[in-house]
Amino acid sequence: MNETIKILLVEDDDGDYFLTKSVLEEAYGDKCRIDWKNNIGSALQATQNENYDVFLFSLNIGAGNGINLTRQVHSQGNETPVVLLTGTDSADFEIDARQAGASEYVAKKHLSAPLIERTIRYVVESKKDEQALRHLAHYDPLTGLANRTLFNARLAEGIATAKRLRGSLALLLLDLDHFKKVNDTLGHPVGDKLLQEVSRRIQDSVRETDTVARLGGDEFAVIATHLGKRNNASVVANKVIREVARVKQVDGHSISTNASLGIAFFPEDAYDVDDLLKRADLALYQAKDAGRGVFRFYDSELDKKSREVARLQSQMFKSIQKKHFVLHYQPIIETETSELVSVEALVRWDHPQLGLIPPQTFIPIAESSGLIIMLGEWILKQACRQVREFQDGGLPHMSVSVNISAVQFSHEKLFEHVAEAVDESGIQPSQLELEITESTLMSTATQVNETLQRLSELGVRLSVDDFGTGYSSLAYLKRFPLDRLKIDRSFIHEVLKNQDDAAITRAIITMAKALRLEVVAEGVETDQQFAFLRSHGCENVQGFLVSRPMPGAKLLDWHQRYVAAQEDAGRS
Ligand code: C2E
Ligand code: MG
Ligand code: MG
């Protein structure tokens, strides 16, 4: 050891003190500074005021003893290695001493310069190794932040303390937006440096006493104690988000990544580690959903909703197998003749407890879980079978429109499922129309176009649903083999009152004609709307004016009544 070694020697016996001192001086010469204390009180004070390389505690110190002193020093978080100096050869105290945290012990009567030097070197180096190991086990090597292990321990500790002191604690979870893109486009070394810079900024935005951890990838956490009111957490959250969002210079690249952040509180939102984590995670999820670069507090109402979603999702698979879904069919008529030309198949979930659930509630869940593929396949087959029945029941020219979600469209089996459904039912491919939305068309255009081409070559008809709500791009429409446009019902709703809606509706009809596409107006509810559409040359209409969607079994009856009513109207 080249530097001066600092030793705290606690010894109540003057003779023993002088003996130990002389041995130490023999071992270290002038490279040793010895502070001597002869009672527990002043020893404890010294351990708090100074940094030592090693503590030498006599086993007996007045009324107290070196083992208890070791325990006290350790409980204060002091990790300086302790060597006990004992008056006997007996090792009775050894277990106690080790448990208290002492590293070694030496019998005073064997004390010699080489022995004490070797012992001290050994305990100091072992302590360093132990600390290095602990650092590895508890800290993230890339950023130097606490890792998940230490984070979990600190969170448990923080909650326990807050429980005891009736305090509070905020858990902030943070996720970089689009970090993967940085890694993919600029490479991992740049990604790593970005994470290091972000870590520094998070740490600079919170108090030193707060724990900042990297939980993995681009996920970070802050445990903030003593925050007091919820509002104070939003100050911290805002600061973190603002700091992280500032442009970062990494290897000559200016990178602007945002962070999303979710916050949950002990004890208001959750009372234990697991729940608190889950709720902060949910809040983070909501922040990402809200458009990224923002923070959200945990919200129990949203939580209830998301649990509801999770429940529906878990029931959906069984329901598909048990055929708890039904299709309703809504007539589409020709404007000029008022004749029924086709129907749109609209799915409902016939839930054993909840009754009929509308598609807007469960289609998004089916999409996010992937179950839409299985459900969609059933819908296609069922719809085709049903048209076949309509045909056999006296409606020879009927066709059916089936809604296809974007998720289905990007699935490689879609073409197969369509072809099978047509084949099995024995209908003409032209009796099936697939409704896709503008956003599906715009997505990964090449692959979508390829699928559209194959479907079109098969003879299936293709239409754009809810037209006008998305890009409404003419140039795009020209690239795809489409047959129809369906004007979204939001335009029809006020087509008579709102000049803009009327202008848009007229423009869509004109544009469709120029592209040789047929037009259907959705959501027609009144005679006036119908008259407007008819006068502007809209070929087909669909809506409550004609009929609400109905079970397939009712359609033939409905049709008879409809025809009779039309004839009556024609005569009068
Ligand atoms: P969409 O394809 O635009 O279907 C038309 C929706 O408008 C239907 O709602 C229909 O009941 C409703 N509607 C029809 N006429 C009127 C009217 O005059 N006034 C009003 N206010 N509404 C009218 P529904 O059945 O609740 O379906 C909602 C959406 O769910 C559909 O919109 C479609 O995007 C989706 N969907 C329905 N069935 C399926 C399906 O089998 N597969 C997929 N992927 N999506 C489906
Ligand atoms: Mg539709
Ligand atoms: Mg629609």
Study note, to complete from the structure: Residue hits (segment 384-415; away from ligand 3 (no atom under 16 Å from the Cβ) and of a type in the set (Gly, Ala, Ser)) are Gly393, Gly394, Ser399, Ser410
Practice item. Give Ala503, Ala531 a once-over and let me know the one that is closer than 18 Å to Thr469 by Cα and without any contact (Cβ under 8 Å) to a residue 12 or more places away in the chain. Key: Ala503
Check your understanding: When Gly470 is evaluated against the numbered criteria (1) more than 16 Å from ligand 2 (Cβ to nearest atom); (2) assigned to a loop (DSSP other than H, G, I, E, B), which criterion, by number, is the only one it fails?
Key -> (1)
Practice item. Consider Gln286 carefully, then state whether it is among the polar types (S, T, N, Q) and over 30 Å from Ala160 (Cβ atoms). Key: no
Study note, to complete from the structure: Taking segment 396-418 and the residues there that are touching a residue at least 60 places away in the same chain (Cβ under 8 Å) and open to solvent by less than 20 Å² (accessible area, probe 1.4 Å), the one that is farthest from ligand 1 (Cβ to nearest atom) would be Val400
Practice item. Collect the residues in segment 304-346 that are free of Cβ contacts under 8 Å to residues at least 12 places away in the same chain, of a type in the set (Ser, Thr, Tyr) and in the same structural domain as Asn403 (by TED's automatic domain parsing), keeping them in residue-number order. Key: Thr337
Study note, to complete from the structure: Those residues of segment 440-472 which are away from ligand 1 (no atom under 15 Å from the Cβ) and either open to solvent by less than 50 Å² (accessible area, probe 1.4 Å) or not assigned by TED's automatic domain parsing to the domain that holds Met398 (or both) amount to Met442, Ala445, Val448, Asn449, Thr451, Leu452, Leu455, Ser456, Gly459, Val460, Ser472
Review point. Take the residues of segment 348-374 that are surrounded by fewer than 22 Cβ atoms within 10 Å (Cβ to Cβ) and under 24 Å from Ala419 (Cα atoms): which is nearest to ligand 1 (Cβ to nearest atom)?
Key: Ile363
Practice item. Determine the pairs where a residue that is over 13 Å from Leu172 (Cβ atoms) and assigned by TED's automatic domain parsing to the domain that holds Ala259, located within segment 286-300, has a partner that is open to solvent by 60 Å² or more (accessible area, probe 1.4 Å) and part of a strand (DSSP E or B) with Cβ atoms under 9 Å apart, the partner being 6 or more residues away or on another chain. Key: Gln286/Arg296; Lys288/Arg296; Asp289/Arg296; Ala290/Arg296
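Yes/no matrix, rows are residues, columns are (1) under 18 Å from Ile333 (Cα atoms); (2) within 16 Å of ligand 2 (Cβ to nearest atom):
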| site | (1), (2) |
| --- | --- |
| Leu482 | no, yes |
| Leu485 | yes, yes |
| Val495 | no, no |
| Asn498 | no, no |
| Ala503 | no, no |
| Val520 | yes, yes |
| Thr526 | yes, no |
| Phe530 | yes, no |
Practice item. Search segment 486-532 for residues being acidic (Asp, Glu) and out of contact with any strand residue (DSSP E or B) (no Cβ under 8 Å at 6 or more places or on another chain), and hand back the single one that is nearest to ligand 1 (Cβ to nearest atom). Key: Glu525
Practice item. From Glu433, Glu367, Glu416, grab the single residue that is within 16 Å of ligand 2 (Cβ to nearest atom) and under 14 Å from Leu458 (Cβ atoms). Key: Glu433
Revision key, fill the gap. Within segment 245-255, of all residues that are modelled with pLDDT of 90 or more and aliphatic (A, V, I, L, M), the one surrounded by the fewest Cβ atoms within 10 Å (Cβ to Cβ) is Ala245
Check your understanding: Considering only segment 81-90, how many residues are in contact (Cβ under 8 Å) with a residue 12 or more places away in the chain and surrounded by fewer than 20 Cβ atoms within 10 Å (Cβ to Cβ)?
Key -> 3
Practice item. Find the residue count for segment 66-87, including only residues that are modelled with pLDDT under 90 and within 15 Å of Glu11 (Cα to Cα). Key: 1
Exercise for review: Tell me, please, whether a residue that is assigned to a helix (DSSP H, G or I), modelled with pLDDT under 95, touching a Phe, Trp or Tyr at 6+ places or on another chain (Cβ under 9 Å) and buried (at least 18 other Cβ atoms within 10 Å of the Cβ) can be found in segment 301-313.
Suggested key: yes
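Among the helices (runs of 4 or more DSSP H) contained in segment 124-235, which hold 3 or more residues that are open to solvent by less than 20 Å² (accessible area, probe 1.4 Å) and outside the structural domain of Asn78 (by TED's automatic domain parsing)?
Answer list for segment 124-235: 148-165, 188-205.
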Check your understanding: Restricting to segment 256-283, what's the tally of residues that are of a type outside the set (Val, Ile, Thr), open to solvent by less than 10 Å² (accessible area, probe 1.4 Å) and either farther than 20 Å from His226 by Cα or within 16 Å of the chain's Cα centre (by Cα) (or both)?
Key -> 8
Point to revise | Wholly within segment 473-572, helices (runs of 4 or more DSSP H) carrying at least 1 residues that are touching a Leu at 6+ places or on another chain (Cβ under 8 Å) and open to solvent by 50 Å² or more (accessible area, probe 1.4 Å) | key: 474-479, 527-535, 552-571
Review point. Of all residues in segment 427-472 being among the polar types (S, T, N, Q) and within 16 Å of ligand 3 (Cβ to nearest atom), which is nearest to Tyr329 (Cα to Cα)?
Key: Ser463
Revision key, fill the gap. All-but-one check, Arg71 against (1) open to solvent by 70 Å² or more (accessible area, probe 1.4 Å); (2) farther than 24 Å from Lys128 by Cβ, failing number (2)
**Study point:** Checklist (1) more than 30 Å from Thr161 (Cβ to Cβ); (2) in contact with a strand residue (DSSP E or B) (Cβ under 6 Å, 6 or more places away or on another chain); (3) not in a helix (DSSP H, G or I) applied to Ile263, failing item
**Key:** (1)
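The values are calculated or read from the model by the stated rules, or taken from the named source; none is laboratory data. In this text, all values refer to a predicted model and were calculated from it rather than measured experimentally. Cβ atoms come from the backbone with ideal geometry, glycine included; neighbour counts cover every protein chain shown. Heavy atoms of the whole protein, side chains included, go into the accessibility calculation; ligands, DNA and RNA do not. Shrake-Rupley method; radii C 1.70, N 1.55, O 1.52, S 1.80 Å.
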